[in-house]
Amino acid sequence: MESGAVLRRRRPPRLQIKGVTKRFGGVHALRGVDLEADVGEVHALLGENGAGKSTLMKIVAGAQAPDSGDLWIDGAPFAPASPREARERGVAMIYQELNLCPHLSVLENVTLGRETSRLGVKRLDAARVRLDQVLRDLDVSSFTGDTLVSDLGPGDRQLVEIARALCLDATIIVFDEPTSSLSAPDVERLFRVTRRLVASGVTVLWISHFLDEVKAIGNRFTVLRDGETVGQGDVSETSTDEMVTTMAGRSVAEAYPRSSRIPGEVALAVQGLAGASGPREASFELRSGEILGVFGLVGAGRTEMLRSLYGLDPMTAGQLELRGEALRRPRPRRWVELGVGLLSEDRAREGVALDLSIAENITLSSVRRLANRVGAVTRQAKEAAAEPWRGRLSLRASSTGQPVRDLSGGNQQKVALARLLECGVDILLLDEPTRGIDVGARVEVYRLLDQLAAEGKAILMVSSHLPELLGTCDRIAVMHRGVLGPARPREDWTEDAALAAATGGTR
Amino acid sequence: MEPEDQPLPGRGAARARQVADLVGPFLGLIVVVALFGAVAPEGFLSVFNAKTIATQTVIVGLAAIGATFIIRSGGIDLSVGSAIALASVVTALSMKAGHGELPSALLGVLAGAAVGAVNGGLITLLKLPPFIVTLGTLGAARGAAKWLGDEQKVDAPSGWLKQFMSKNPDLSGLPGFIRENVPDWLVLAPGVWLMGLSALTAAFLLRRTVFGTWTTAIGSNEPTARLCGVPVERTKFAIYVFAGAMAGLAGVLQFGRLTVGDPTTAMGKELDVIAAVVIGGASLSGGTGTILGAMIGAFLMATLANGCNLSGVPNFVQEILVGGIIVGAVTLDGIRHGRRAA
């Protein structure tokens with residue numbers, strides 16, 4: 001036994017990453033990443049949004065090449081030129097947005113692109129035997145190889161991807177936020193499957209925000225911050241608090257500006273809202289001069305709540321009161337006239353018109369006010385109206401005539417906000433306002449929101465990024481499976497409590 | 001979350017749904033037949049008339065076989081009508097030049113395949129949307145047909161090609177014992193048999209071959225198909241060439257029916273073809289659509305046209321009806337799929 005242990009120590013790690021850097025244009029996505037994951041372990045990769053986790057994973061998956069640094073698999077150099085090459089070396093990725101063809105069966109998905117055939121006619125018997133074996137090994141009984149993927153829920157679809165990885169003899173499986181859209185029982189099942197995987201010698205890289213989940217499933221962890229490895233260790237020997245401190249690396253107050261806000265009257269009151277697209281019961285009061293946060297997992301129904309409220313999806317029940325007056329369910333256009341603006345989570349499609357200029361975007365909702373006597377709107381009028389926003393929001397653009405497509409995500413978001421503010425909105429419903437924005441620009445958005453709240457605007461902010469809600473909001477409510485919980489002052493929330501509420505308290 | 005004793009959604013469920021997907025179009029067909037059976041003169045519900053309708057289905061039906069592959073892969077083909085016209089002119093010119101029936105028919109099919117190759121090539125090489133590319137070839141192929149035909153109908157001997165669309169085909173080529181024992185209702189135009197055979201082959205291609213699976217995969221989720229190593233571009237090219245060849249075959253039979261090569265024939269047929277596939281249960285967003293469904297769709301439209309003619313319903317009513325059926329079929333489909341997703 002003794003020599004066995006020594007031997008195991010000498011065996012090279014399954015995956016080793018040393019000094020990897022990567023830059024995109026002027027941005028250093030990775031400044032020096034080290035990581036070592038052993039055979040048969042669940043290695044957690046931690047870091048805030050924008051810390052470089054996804055860039056690192058793209059390098060491991062062969063989708064991008066590092067600028068410098070080295071990777072090894074089982075001691076042999078690993079520099080995949082393509083995703084295919086990475087797959088051939090045993091790396092399988094399981095992304096958040098699952099990569100399956102819903103119209104094909106499980107077996108067809110698992111074999112897609114590498115079907116065995118005779119004269120073009122599929123011969124999948126061997127693959128079927130293998131898949132059945134894999135499904136048995138994973139203890140999966142909720143579907144078979146003949147089930148259509150469109151019949152499966154997110155948890156089962158994830159298992160299909162895992163089964164595909166195993167049928168491809170993967171030795172390293174990377175999970176990207178695997179539990180973010182799963183129900184609690186599905187999460188439990190995924191944990192069981194993962195334990196079976198590592199017991200059979202597979203190495204799992206587990207990327208997650210949820211630290212208690214990492215505590216439950218991880219063996220060791222690596223923390224990235226601003227593109228650098230800033231910590232490594234054994235999960236069992238490290239507390240969640242220590243992990244959080246390593247991930248953040250700075251006190252929360254620094255990143256989240258907060259001037260003194262004086263919450264005023266109730267601007268918008270919603271009672272018992274339910275909608276066809278998902279929300280079952282949502283009630284809240286939004287006051288002017290405050291930021292109310294809504295937290296929840298992906299799929300909890302937060303976006304759908306906003307859409308139903310705003311008349312974009314059908315509302316089936318609920319009473320609305322705007323500035324103390326009862327309101328029949330208005331259409332989106334009426335909401336804008338009433339001074340209530342919605343910012344979609346899908347910036348590229350519903351937030352800004354990418355091909356139009358900054359000035360055209362900012363004046364899009366208020367263009368009728370700019371018409372001259374004959375009803376025409378000149379470019380000059382639009383640019384004159386848009387110009388003040390450039391300074392006020394510190395837009396990084398040479399002129400307001402520049403197309404929005406050329407701007408960074410953060411600046412695009414500012415333009416979208418300016419459009420709402422320009423048409424006189426004082427109640428803002430924001431859905432994931434910092435999605436896809438780099439860290440620096442996020443802070444600017446936080447500063448802007450803080451400033452708006454201090455001016456007396458009422459802001460409702462939906463986010464799945466808990467630290468930003470804890471940092472910017474005055475009160476926070478948590479949504480779970482279509483039901484919005486009570487809003488409580490942010491001081492009363494901890495990260496753990498919010499996560500517990502968001503997952504139905506099973507964690 | 002599901003109760004333990006729920007049956008596995010396996011092969012049985014998948015098959016049950018395939019059947020369910022065809023119930024709609026099939027019901028539609030029965031309704032149309034019943035309606036005209038009540039309204040139309042007696043001739044409508046006769047074996048002879050059924051044969052007439054089947055023959056009238058052939059052109060659209062053959063082209064719809066190819067279009068099913070295209071629509072299932074998430075594409076669209078607007079050039080079908082022009083490809084049929086081009087193929088009919090090419091076949092006529094070849095017959096006129098004395099090349100004989102088989103070589104001429106092959107040339108016609110090749111002309112259709114050439115249109116498909118241009119479609120597929122532009123779509124995959126220039127990464128243009130299929131709608132735009134085939135809108136272009138809709139004009140270009142029609143122009144080419146007029147150019148080859150010198151802007152008029154091409155008279156040519158049609159030889160045995162005209163037998164394909166004949167309701168009373170010449171049976172003298174068949175062995176005596178078959179000729180004498182074959183029941184009358186089985187004496188269909190050979191084009192109908194050709195369509196049936198093509199449909200069976202195509203259904204086999206779609207369901208049992210790698211090509212068929214890749215076609216579905218591309219329509220279902222193209223980035224994933226590419227990620228999994230499906231040669232997306234090559235497969236798409238093959239799909240358009242195949243569909244073009246089917247349109248070409250339809251063109252050869254159109255020549256047989258008209259016994260001239262007509263550059264102005266099959267104008268607007270692409271919409272009938274798309275309608276047949278969509279009535280048969282396909283979604284224009286890809287991933288769905290079956291050969292049997294498309295055949296039912298084509299038959300339904302031919303029945304409608306035939307019934308309207310027999311009962312003296314004016315042409316414009318017929319056009320309104322077809323339009324209504326298309327929108328109705330897609331709406332029903334949407335409702336059904338909406339429920340399924342919920």
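Of note:
- Look at (1) in contact (Cβ under 8 Å) with a residue 24 or more places away in the chain; (2) among the charged types (D, E, K, R); (3) out of contact with any strand residue (DSSP E or B) (no Cβ under 8 Å at 6 or more places or on another chain) and you find that B:Asp262 fails only one, number (3).
Listed here are the residues, each with its yes/no results for (1) among the hydrophobic types (A, V, I, L, M, F, W, C); (2) within 20 Å of B:Thr137 (Cα to Cα); (3) under 14 Å from the mean Cα position of the chain (by Cα).
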position	(1), (2), (3)
B:Pro231	no, no, no
B:Gly244	no, yes, yes
B:Ala247	yes, yes, yes
B:Thr259	no, no, no
B:Ala276	yes, no, yes
B:Phe299	yes, no, yes
B:Glu319	no, no, no
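- Filtered by the rule that a residue be surrounded by fewer than 16 Cβ atoms within 10 Å (Cβ to Cβ), at the interface with chain B (Cβ under 9 Å from one of its Cβ atoms) and of a type outside the set (Ser, Thr, Tyr), the stretch A:97-127 gives A:Arg114, A:Leu119, A:Gly120, A:Val121.
- Matching entry among B:Thr288, B:Thr264, B:Thr303 (being modelled with pLDDT of 90 or more and either part of a helix (DSSP H, G or I) or charged (D, E, K, R) (or both)): B:Thr303
- So A:Asp146, is it more than 14 Å from every other protein chain (Cβ to nearest Cβ), more than 25 Å from A:Ala86 (Cα to Cα) and modelled with pLDDT of 90 or more: no
- Of all residues making up the stretch A:183-197, the number that are within 14 Å of chain B (Cβ to nearest Cβ) and β-branched (Val, Ile, Thr): 1
- Matching option when the condition is more than 30 Å from A:Asp38 (Cβ to Cβ), surrounded by fewer than 21 Cβ atoms within 10 Å (Cβ to Cβ) and not aromatic (Phe, Trp, Tyr), among A:Arg302, A:Arg258: A:Arg258
- Where A:Arg130 falls short, out of the listed (1) part of a helix (DSSP H, G or I); (2) charged (D, E, K, R); (3) within 14 Å of chain B (Cβ to nearest Cβ): (3)
- Failed condition for A:Ala170, given (1) in contact with a Pro (Cβ under 6 Å, 6 or more places away or on another chain); (2) among the small types (Gly, Ala, Ser); (3) more than 30 Å from A:His480 (Cα to Cα): (1)
- Considering the stretch B:225-261, and only residues there that are within 14 Å of chain A (Cβ to nearest Cβ) and not in a helix (DSSP H, G or I), the residue that is nearest to B:Val118 (Cα to Cα) turns out to be B:Pro231.
- Within the stretch A:46-81, the residues that satisfy the criterion of being among the hydrophobic types (A, V, I, L, M, F, W, C), in contact with a strand residue (DSSP E or B) (Cβ under 7 Å, 6 or more places away or on another chain) and assigned to a loop (DSSP other than H, G, I, E, B) are A:Ala51, A:Ala61, A:Phe78, A:Ala79.
- Residues that are modelled with pLDDT of 85 or more and outside any strand (DSSP E or B) within the stretch A:425-437 comprise A:Val425, A:Asp426, A:Glu432, A:Pro433, listed in sequence order.
- Looking at A:Ser180, A:Ser141, A:Ser200, just one residue is surrounded by fewer than 21 Cβ atoms within 10 Å (Cβ to Cβ) and within 14 Å of chain B (Cβ to nearest Cβ), and that residue is A:Ser141.
- Restricting the stretch A:486-507 to residues that are surrounded by 20 or more Cβ atoms within 10 Å (Cβ to Cβ) and in a loop (DSSP other than H, G, I, E, B) leaves a set whose member that is modelled with the lowest pLDDT is A:Thr503.
- Residue within the stretch B:189-196 that is assigned to a loop (DSSP other than H, G, I, E, B), buried (at least 17 other Cβ atoms within 10 Å of the Cβ) and more than 8 Å from every other protein chain (Cβ to nearest Cβ) present: yes
- Remark: pairs (first residue in the stretch B:125-137, of a type in the set (Gly, Ala, Ser) and at pLDDT 95 or above; second residue in a helix (DSSP H, G or I) and surrounded by 11 or more Cβ atoms within 10 Å (Cβ to Cβ); Cβ separation under 8 Å; 6+ apart in sequence or on different chains) = B:Gly136/B:Leu122.
- When the residues of the stretch B:101-139 are filtered to those that are over 19 Å from the mean Cα position of the chain (by Cα) and under 21 Å from B:Lys153 (Cβ atoms), the one that is surrounded by the fewest Cβ atoms within 10 Å (Cβ to Cβ) is B:Gly139.
- Looking only at the stretch A:154-177, and only at residues there that are closer than 18 Å to B:Thr224 by Cβ and of a type in the set (Gly, Ala, Ser), the one that is nearest to the other protein chains (Cβ to nearest Cβ): A:Ala165
- Condition met for A:Leu428 (more than 25 Å from A:Thr400 (Cα to Cα) and buried (at least 24 other Cβ atoms within 10 Å of the Cβ)): no
- Once the stretch A:261-297 is narrowed to residues that are over 23 Å from A:Leu470 (Cβ atoms) and polar (S, T, N, Q), the residue that is modelled with the lowest pLDDT is A:Ser277.
- Scanning the stretch A:344-369 for residues being part of a helix (DSSP H, G or I) and surrounded by fewer than 17 Cβ atoms within 10 Å (Cβ to Cβ) gives a total of 6.
- Cβ-Cβ contacts under 9 Å between residues 6 or more apart (or on different chains), taken from a first residue in the stretch B:200-224 that is within 8 Å of chain A (Cβ to nearest Cβ) to a second residue that is of a type in the set (Lys, Arg) and surrounded by fewer than 23 Cβ atoms within 10 Å (Cβ to Cβ), are listed as B:Arg208/A:Lys122; B:Thr209/A:Lys122; B:Val210/A:Lys122; B:Thr213/A:Lys122; B:Thr213/B:Arg207.
- Taken over the stretch A:450-469, the criterion of being in contact with a helix residue (DSSP H, G or I) (Cβ under 6 Å, 6 or more places away or on another chain) and assigned to a helix (DSSP H, G or I) is satisfied by A:Leu466 alone.
- When the residues of the stretch A:270-315 are filtered to those that are among the aliphatic types (A, V, I, L, M) and assigned to a loop (DSSP other than H, G, I, E, B), the one that is farthest from the chain's Cα centre (by Cα) is A:Ala276.
- The requirement of being among the hydrophobic types (A, V, I, L, M, F, W, C), exposed (fewer than 13 other Cβ atoms within 10 Å of the Cβ), assigned by TED's automatic domain parsing to the domain that holds A:Val294 and free of Cβ contacts under 8 Å to residues at least 40 places away in the same chain is not satisfied by A:Ala385.
The values are calculated or read from the model by the stated rules, or taken from the named source; none is laboratory data. Remember, predicted model here, so these are calculated numbers, not experimental data. Positions of Cβ are generated from backbone atoms using ideal geometry, with glycine treated the same way; all protein chains shown enter the neighbour counts.
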